[in-house]
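The values are calculated or read from the model by the stated rules, or taken from the named source; none is laboratory data. Just so you know, these numbers come straight off a predicted model, no measurement behind them. We place every Cβ from the backbone using ideal geometry, glycine too, and count neighbours over all the protein chains shown.
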Amino acid sequence: MKRSLTVLAIVVAVAAGAGYWYVQGKQPQRTGEVVISGLQAPVSVRYDARGVPHLQAQNETDLYRALGYVHAQDRLFQMEIMRRLARGELAEVLGSKLLPTDTLFRSLRIREQAERMVQRQDRQGPAWKGLQAYLDGVNQWQASHPKPMEFDILGIPARPFTAEDTLSIAGYLAYSFAAAFRTEPALTYIRDQLGPEYLKIFDLEWQPDGALATPLASADWRSLEQLARLSHDALGEVGIPQFEGSNAWAISGSRTRSGRTLLAGDPHIGFAVPAVWYEAELSAPGFSLYGYFQALNPFALLGHNRDFGWSLTMFQNDDVDLIAEKVNPANAEQVMIDGQWQTLQQTQQQIAVKGEAPVDITLRRSPHGPIVNTVLGENAGPAPIAMWWAFLETENPVLEGFYQLNRADTLGKMRLAAVKIQSPGLNLVWANAGGDIGWWAAAQLPIRPDGVNPAFILDGSSAQAQKLGFYPFSVNPQQENPASGYIVSANYQPPAAVPVPGYYNLADRGRQLDRHLANPEVKWDVENSQALQLDTANDYGPRTLAPLLATLRSVAEGDQEKELVEQLAAWRGDYPVDSITATLFNQFLYELAYAALHDELGDSWFPVLISTRAIDAALPRLAADAESPWWNQRGANQRTDRDAIVRQAWGKSLTHLRETFGKDPASWQWGKAHTLKHGHPLGVKKPLNLLFNVGPFAAPGTHEVPNNLSAKIGPAPWPVTYGPSTRRVVDFADAGQALSINPVGQSGVPFDRHYRDQAEDYIEGRYQKAQMGVIPARSTLRLIPAE
């Protein structure tokens with residue numbers, strides 16, 4: 001027995017030692033010296049207490065090569081998984097379940113467009129040279145270090161990263177903004193299958209000239225519904241963040257406590273581990289920037305220095321049109337274009353599948369764009385659905401645009417940089433230390449024929465699918481040094497001189513921000529700017545409930561229910577973690593939507609519709625319209641009205657909450673029902689979730705309040721899916737002491753001290769300093785040239 005216990009102890013000790021050795025071999029190196037080929041001079045990398053690298057180089061090329069090296073040691077797996085998603089190569093490492101996602105991304109033609117964009121690059125330009133140096137740094141790290149843990153688990157082979165990979169990720173970024181795959185099929189189904197009276201809650205007119213000349217068949221509707229689901233689930237399958245919305249504002253010195261401009265921003269992106277942004281301070285002669293970098297991109301998408309800074313929000317302009325092609329009855333490979341039958345282009349591709357034989361796919365294209373519903377294979381309907389996408393149809397020198405944006409210290413320079421960002425559409429909100437503020441909606445806006453509403457699927461056999469060119473950038477929505485003294489951007493539809501259709505967010509969040517920023521009695525500083533970013537209230541709940549309160553008071557039974565209704569009536573629409581009313585309203589909103597809409601839309605289209613932004617605006621309109629046809633339940637023995645649906649929704653809400661959280665409403669706190677978990681791509685499987693995922697945490701806020709921690713409409717509980725991907729506040733009185741926070745941590749390496757060290761600060765609403773210049777360095781790494 002004693003001998004056996006000794007042997008067991010030795011085995012356990014050896015296993016623990018081997019595990020420790022294995023884990024330590026994967027950790028980032030943040031001290032000492034490393035030899036890097038291609039450097040012209042040493043580069044100093046000082047790490048602060050959050051693990052943010054502060055790089056100081058003697059020239060730009062060395063700076064970007066060093067950035068690639070340190071970025072790779074913290075985030076190589078993120079770089080790998082994102083390029084594989086964008087290029088349709090996930091099944092090779094994750095298996096056949098990712099074949100639909102790979103096929104979808106192949107059909108988007110991102111790979112081919114990235115190759116064309118690379119061919120257009122100026123090989124002597126500073127942007128291209130910076131990218132090549134950065135990629136060389138990434139590849140040098142990969143070639144000289146053990147593979148990340150995730151590579152070992154999945155059996156990922158190491159291969160160099162290329163410019164095509166970087167620009168393919170730009171295509172993923174553009175795709176993640178596109179709501180057309182879900183919204184256009186759902187609204188077209190409602191128009192064509194239910195009737196024009198059902199469009200009123202979406203603020204859409206019938207427009208009989210827009211109807212499809214050849215009605216879609218049942219098989220087409222089924223395939224469109226499957227396509228909508230696939231496009232929605234594609235990113236979630238692998239835990240890759242999707243861009244959703246954002247807040248940003250810039251305030252002139254006349255409105256701030258310091259007398260200098262102030263910039264705040266918090267882009268809203270899906271939560272994941274690692275987080276989307278990699279922070280780094282870059283410094284070289286003539287250039288400095290504290291930047292927020294995306295995987296495989298050496299140029300910051302967010303950033304600031306002592307002279308200027310910017311944030312971004314999603315423009316939400318509609319730059320994707322789905323087009324139903326009319327097929328030649330005598331030849332299924334021909335479609336009607338401009339009165340003539342034209343043959344679809346076909347290309348063959350092969351998708352590698354882990355543990356299985358490669359899969360051959362056929363990609364088709366019409367003159368309008370790629371055919372996207374063929375990704376469903378045998379389940380695709382007979383009508384080819386083409387996709388016109390601005391990302392594929394514009395020059396889009398986005399690499400050069402962000403290189404210039406990283407250096408844009410004047411209004412004129414910023415304007416010129418914005419012109420080069422054509423897809424995806426972005427609102428760039430900017431301020432400088434000289435007192436200027438500005439906003440530019442950066443996108444190339446297509447000119448559609450008069451009367452065409454791209455909220456619906458367009459008819460490819462008619463002129464409505466044509467594009468008549470692009471508007472000049474000068475007509476894009478924009479402001480420079482407005483008389484109000486502030487600019488706010490929150491994804492709502494901006495006023496514009498030309499038609500700018502889009503999938504905009506509700507005005508409630510922007511209205512809440514504007515209400516505070518417009519107050520002339522307030523002098524803005526970093527403290528009250530933080531409070532505004534963390535605000536958990538808006539008008540949505542109270543204005544949705546207002547027309548229903550009389551009915552709720554009449555259907556409430558007993559003192560407890562009557563008290564709950566009065567709490568709803570007094571509620572101001574705020575979502576702190578201890579709120580009971582927020583939980584009740586959220587459950588009631590879902591039950592109301594389900595009771596009113598599901599009987600018309602069924603299990604197919606109801607979940608598609610409630611995953612779109614269209615539902616947000618529709619539900620308050622529905623609640624206010626007692627005569628809406630949606631209130632009448634199909635298949636019921638007698639006609640139902642709004643009162644009957646409200647009664648039904650109220651009863652089901654109480655039943656569900658009592659069954660889920662207990663009979664006492666005091667146990668229905670929002671923080672129990674609304675939680676944030678940061679999921680890693682490998683964390684979807686147990687027990688890897690214990691190793692890779694972070695959380696869950698009780699989460700304040702909700703959909704479309706300033707602290708936009710959003711969950712899907714559905715029954716409780718509600719896991720948060722997206723929210724502020726960082727929170728930043730920069731007062732140009734001392735931009736070197738700006739505030740920032742990462743939702744999880746700077747590092748993407750499991751067991752690293754910076755893997756999850758900011759998660760609790762983030763959910764509690766605390767900030768850390770984004771310091772510039774001389775910082776208290778936790779450690780220093782020196783990168784030195786090879787002899």
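Applying the criterion of at least 2 residues that are β-branched (Val, Ile, Thr), within 21 Å of the chain's Cα centre (by Cα) and more than 19 Å from residue 679 (Cβ to Cβ) to the strands (runs of 3 or more DSSP E) found wholly in the range 715-777 leaves an empty list.
Condition check: crowded, with 16+ Cβ neighbours inside 10 Å and modelled with pLDDT of 95 or more. Does residue 644 satisfy that? Yes, satisfied. Annotation: of all residues in the range 532-587 being under 27 Å from the mean Cα position of the chain (by Cα) and among the hydrophobic types (A, V, I, L, M, F, W, C), the one that is nearest to residue 250 (Cα to Cα) is 532.
Yes/no per residue for (1) within 23 Å of the chain's Cα centre (by Cα); (2) buried (at least 18 other Cβ atoms within 10 Å of the Cβ); (3) among the hydroxyl-bearing types (Ser, Thr, Tyr):
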{"residue": "473", "(1), (2), (3)": "no, yes, no"}
{"residue": "483", "(1), (2), (3)": "no, no, no"}
{"residue": "491", "(1), (2), (3)": "yes, yes, no"}
{"residue": "525", "(1), (2), (3)": "no, no, no"}
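In the range 98-111, the residues that are closer than 14 Å to residue 360 by Cα reach residues that are small (Gly, Ala, Ser) and in a helix (DSSP H, G or I) with C-beta atoms within less than 7 angstrom, at least six apart or across chains, in these pairs: 99/91; 102/91; 104/231.
Annotation note: of 702, 721, the sole residue that is within 18 Å of residue 764 (Cα to Cα) and at pLDDT below 95 is 721.
Residues that are surrounded by 24 or more Cβ atoms within 10 Å (Cβ to Cβ) and of a type in the set (Lys, Arg) within the range 713-755 comprise 727, 728, listed in sequence order. Scanning the range 395-418 for residues that are over 17 Å from residue 126 (Cα atoms), surrounded by fewer than 18 Cβ atoms within 10 Å (Cβ to Cβ) and not acidic (Asp, Glu) yields a count of 2. When residue 41 is tested against (1) crowded, with 22+ Cβ neighbours inside 10 Å; (2) modelled with pLDDT of 95 or more, exactly one condition is not met: (1). Restricting attention to the range 531-551, the residues that are closer than 30 Å to residue 725 by Cα and not polar (S, T, N, Q) add up to 10.
If you go through the range 235-253 one residue at a time, do you hit one that is assigned to a loop (DSSP other than H, G, I, E, B) and among the hydrophobic types (A, V, I, L, M, F, W, C)? Checked against the condition, which is being assigned to a loop (DSSP other than H, G, I, E, B) and among the hydrophobic types (A, V, I, L, M, F, W, C), the range 235-253 yields at least one hit.
Examine the range 558-570 for a residue that is β-branched (Val, Ile, Thr) and under 29 Å from residue 318 (Cβ atoms), and state whether such a residue exists. No, that holds for no residue.
From the list 50, 106, 65, the one residue that fits, being assigned to a loop (DSSP other than H, G, I, E, B) and either buried (at least 20 other Cβ atoms within 10 Å of the Cβ) or among the β-branched types (Val, Ile, Thr) (or both), is 50. Against the list (1) of a type in the set (A, V, I, L, M); (2) surrounded by fewer than 22 Cβ atoms within 10 Å (Cβ to Cβ); (3) in a strand (DSSP E or B), the condition residue 781 fails is (2). Residue count for the range 83-103 under the criterion of being of a type in the set (Gly, Ala, Ser), within 19 Å of residue 357 (Cα to Cα) and assigned to a helix (DSSP H, G or I): the result is 2. Count of the range 621-634 residues, restricted to those that are buried (at least 17 other Cβ atoms within 10 Å of the Cβ) and either in contact with a Lys or Arg (Cβ under 6 Å, 6 or more places away or on another chain) or of a type in the set (Lys, Arg) (or both), is 2. Taking the range 432-468 as the range and being in a strand (DSSP E or B) and touching a His at 6+ places or on another chain (Cβ under 9 Å) as the test, only 458 passes. Cβ-Cβ under 8 Å, sequence separation 6+ or interchain: first residue in the range 138-161 and free of Cβ contacts under 8 Å to residues at least 40 places away in the same chain, partner among the polar types (S, T, N, Q). Which pairs? Final answer for the pair search is 158/142; 160/139; 160/142.
For the range 127-167, residues that are of a type in the set (A, V, I, L, M, F, W, C), out of contact with any helix residue (DSSP H, G or I) (no Cβ under 7 Å at 6 or more places or on another chain), surrounded by fewer than 18 Cβ atoms within 10 Å (Cβ to Cβ) and within 19 Å of residue 27 (Cβ to Cβ) total 1.
Only one entry in 660, 655 is in contact (Cβ under 8 Å) with a residue 24 or more places away in the chain and more than 26 Å from residue 509 (Cβ to Cβ), namely 660.
Counting only helices (runs of 4 or more DSSP H) that sit completely within the range 469-570, those holding 1 or more residues that are free of Cβ contacts under 8 Å to residues at least 60 places away in the same chain, of a type in the set (S, T, N, Q) and more than 27 Å from residue 261 (Cβ to Cβ) correspond to 558-570. What is the residue count in the range 681-721 for residues that are of a type in the set (Phe, Trp, Tyr) and under 26 Å from residue 593 (Cα atoms)? Residues flagged as of a type in the set (Phe, Trp, Tyr) and under 26 Å from residue 593 (Cα atoms) within the range 681-721 amount to 1. Taking the criterion of being among the charged types (D, E, K, R) and over 36 Å from the mean Cα position of the chain (by Cα), the residues of the range 626-651 that qualify are 627, 634, 639, 641, 643, 647. From the list 416, 392, 411, the one residue that fits, being over 24 Å from the mean Cα position of the chain (by Cα) and more than 22 Å from residue 293 (Cα to Cα), is 411. Among the residues making up the range 199-220, those that are surrounded by fewer than 20 Cβ atoms within 10 Å (Cβ to Cβ) and either assigned to a helix (DSSP H, G or I) or at pLDDT 85 or above (or both) are 199, 200, 203, 208, 209, 218, 219.
Residue 250 - would you say it is over 22 Å from residue 481 (Cα atoms) and either out of contact with any strand residue (DSSP E or B) (no Cβ under 8 Å at 6 or more places or on another chain) or of a type in the set (Gly, Ala, Ser) (or both)? No; evaluated as a whole, the condition is false for this residue. For the range 756-775, filtering for residues that are out of contact with any Lys or Arg (no Cβ under 9 Å at 6 or more places or on another chain) and among the small types (Gly, Ala, Ser) leaves 1.
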